[in-house]
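What follows is a set of notes on a single structure, which appears directly below.
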Amino acid sequence: KILSFKVPSDTVMDLKVTVGEEEFNLRSFLDTGNNLKDPFSGYPVIIANCEKLKGIIPENVTDESIIKDGTVRIRFIVCSTVSGEGILPAFMPDTVKITGIRQSFETQKVIVAVTNRRLKNGDYDAILPSGLLSN
């Protein structure tokens, strides 16, 4: 039973991130243990693979400050994981649309942080925080 564990289908969702004229489609996983929020706005933070959002955040972003690049405002989110603490570059998209089995909705009250790490063994492009569905 342990070896054949499958992710419940209601935790897998389609995610569409819109920034300006660009749309990015990602396969996402709802992580009920993820409570990451932006400390300034209080908005929930989605963690996404940077390869899937290519061009939104410049590859050479290393300064731990808010910078301006084109029309996207970059900020840094401090996060804690099982393996330690880290800082992720993040941005506020124009809209995010989430489509799952039970519901579908669109919001502007969300932050997207990017990482170059594989998410859930590379099976997903984004991790959704539990607070996103309750807002």
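Taken together, the values in this text are just the output of simple stated rules run on the coordinates, not laboratory data. Since the structure is predicted, the reported quantities are computational estimates derived from the model, not experimental observations. Methodologically, a virtual Cβ is constructed for each residue, glycine included, from the backbone with ideal geometry; neighbour enumeration extends over all protein chains shown.
Starting from the Cα of Phe40, step 7 Å along the direction of its Cβ; do the same at Thr18; then give the gap between the two resulting points in nm.
Result: 2.4 nm between the two label points.
Measure off 7 Å from each Cα along the Cα-to-Cβ vector at Thr32 and Asn116, then give the distance between these two points in nanometres to one decimal.
3.4 nm
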